[in-house]
Each structure stands twice: as structure tokens, then as C-alpha cells.
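The values are calculated or read from the model by the stated rules, or taken from the named source; none is laboratory data. No experiment lies behind these values; they were computed from the predicted model shown. No Cβ is skipped: glycine too gets one built from the backbone with ideal geometry, and neighbour counts run over all protein chains shown. Each accessible area value is taken on the protein alone, full model and side chains, heavy atoms only, with ligands, DNA and RNA left out. Shrake-Rupley method; radii C 1.70, N 1.55, O 1.52, S 1.80 Å.
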Amino acid sequence: LWSQKYREVSELSKVLGLEVLCMQEAGRWDKEGVTESIARNNGSRAYVNARHRMATPSNQAGAGEGVVTQMSQTMSSQVVSKAPDRNGKLLATTMLGGNQEGKQRGLALLNVYLPQADPKHNRERDELCGMIQDWVEEMRRKDYMVLVVGDLNCAMHEGDRRSGMVNAGDEYTRPKIEAWRLTNVWEHMREQRIQKGGERTKHLSAHTMHR
């Protein structure tokens with residue numbers, strides 16, 4: 001009932017003792033409750049925003065899952081709210097956070113899948129980027145710590161692709177992502193590794209953005 005990717009990542013999270021997982025295109029079934037039940041049987045809680053089943057040349061199985069945010073039972077008890085979009089591309093959760101200077105701050109987590117770089121997807125990507133920017137600004141106004149994770153299908157720098165080059169899709173989408181005014185955590189961590197070990201990695205497979 002679950003995909004190899006979902007199974008492997010879930011099992012890895014147990015080994016590493018991870019509290020939160022954010023996955024994209026992780027399962028095979030869009031029937032309501034299947035993934036949630038699998039997660040519950042494995043001691044976790046899954047929040048799912050599934051897209052409609054649709055077979056494509058690159059996805060012969062017609063995978064039904066869009067984005068999945070999976071948490072340990074302990075972490076899920078801190079979730080205040082969740083909000084999906086209608087197309088299986090976004091899933092927002094807000095959680096209670098720790099105290100900072102005597103004030104409790106919440107964490108706003110957004111699991112994202114942006115369509116691949118293709119002109120025919122520009123309108124959808126524009127709408128999603130605009131929705132994300134509106135969400136980030138709203139969470140800032142409410143004084144949440146903001147974390148955006150997922151598959152953005154965009155190289156922010158030349159070194160983010162194995163080819164060492166950005167493409168037209170990257171150049172189109174990058175300014176929209178930069179408009180969120182978030183810190184690129186992966187880039188920050190990479191620069192720290194360079195400073196510490198003097199070794200520059202050629203690419204990163206994903207980006208995590210936060211403030």
C-alpha cells in the first residue's frame with residue numbers, strides 16, 4: 001500500500017530518530033486515509049495533501065500522493081493547525097514552539113512541491129509562488145518562525161546542479177523564491193562546510209528556506 005520511497009524514508013527516520021519528515025511524490029494511493037493509517041501503524045502521524053491519480057511517461061504508476069508531512073507522535077501533539085492547497089502542491093502546519101525571552105513562539109512549516117521548469121507550468125508556478133509569499137508574510141506578522149521545505153525544482157546557484165549551470169526555468173523561478181526573503185539553509189550549511197573543511201561540494205539535491 002505504500003511506495004518504496006515512502007517505506008525507505010520512513011524506516012530511515014526511525015533509525016536516525018527524526019521527529020519530522022517532509023516528502024513529495026511519496027506514495028501510490030490517493031484514497032483518503034491509507035497513508036495516515038500506515039504512518040499510525042508505524043508509530044507516526046502523517047498529514048497528507050494528495051493529488052489525483054494520473055499516469056505520465058515519467059510516472060507510470062500514477063502515484064497518488066502529492067506532499068506528506070510526517071511527524072513523531074510527540075511532535076504531532078504540538079500541531080495547532082494544518083492547511084493544504086487544492087492541487088496537492090502545498091501543505092502548511094503550525095506548531096507550538098519554545099520560549100524565547102519569556103515568550104512562546106510558534107513554528108510555521110510549509111511543505112512545497114513546485115512544478116518542473118517548463119513554460120507550460122509558468123502560470124501554476126506563479127500562483128504557487130504568490131501563495132507562498134502571502135503565507136510567509138502572514139506568518140511573519142503573527143511572529144512565527146518560518147520554515148519552507150520541499151522540492152522547488154529550481155537551482156538557486158550554478159553549483160546546485162550537476163551540470164554546473166542554471167537553466168531558463170531556474171532564472172524564471174529564482175526571483176520569485178528570493179522574494180520570500182528567507183535564508184537558504186542548504187547554502188548556509190554548504191558555506192560552513194567549505195570554511196571548516198575547505199571542500200566545496202558540487203551540488204545540493206534540495207533547498208530549505210527559513211528565516
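Taking θ as phi - 60° and the Karplus parameters 6.51, -1.76 and 1.60, the scalar couplings of segment 143-157 work out to 6, 7, 6, 10, 9, 10, 10, x, 9, 8, 6, 8, 8, 7, 9 Hz in sequence order, x denoting glycine and proline. Rounded to two decimals, the Cα-based Rg/Rh of segment 57-177, with Kirkwood Rh, is 1.02.
Sorting 39-47, 165-173 by their mean Cβ neighbour count within 10 Å, with the most densely packed peptide first, gives 39-47, 165-173. For each pair in Lys82/Lys120; Lys5/Lys89; Lys82/Lys176; Lys14/Lys103; Lys31/Lys82, compute the distance between the two Cα atoms and list the pairs where it is over 27 Å. Among Lys82/Lys120; Lys5/Lys89; Lys82/Lys176; Lys14/Lys103; Lys31/Lys82, the Cα-Cα distance tops 27 Å for Lys82/Lys120; Lys14/Lys103. Remark: segment 109-115, residue by residue, has Karplus-estimated 3J(HN,Hα) of 10, 10, 9, 10, 10, 9, x Hz, where x stands for each Gly or Pro and the curve is 6.51 cos²θ - 1.76 cosθ + 1.60 at θ = phi - 60°.
Taking amide H atoms as placed 1.01 Å from N in the peptide plane, list the residues 5 or more away in sequence, or in a different chain, whose amide H sits under 5 Å from that of Ser3. For Ser3, whose amide H was placed from the backbone, the distant partners under 5 Å are Arg28. What the phi angles of segment 185-192 give under the Karplus curve with 6.51, -1.76 and 1.60, with θ = phi - 60°, is a coupling list of 5, 4, 5, 4, 5, 5, 5, 5 Hz, glycine and proline written as x.
Calculated accessible area for segment 75-172 comes out at 55 Å² per residue, all protein chains present (probe 1.4 Å; ligands, DNA, RNA ignored). Entry note: segment 1-42 has Rg to Rh equal to 0.94, where both radii use alpha-carbon atoms and Rh is the Kirkwood radius.
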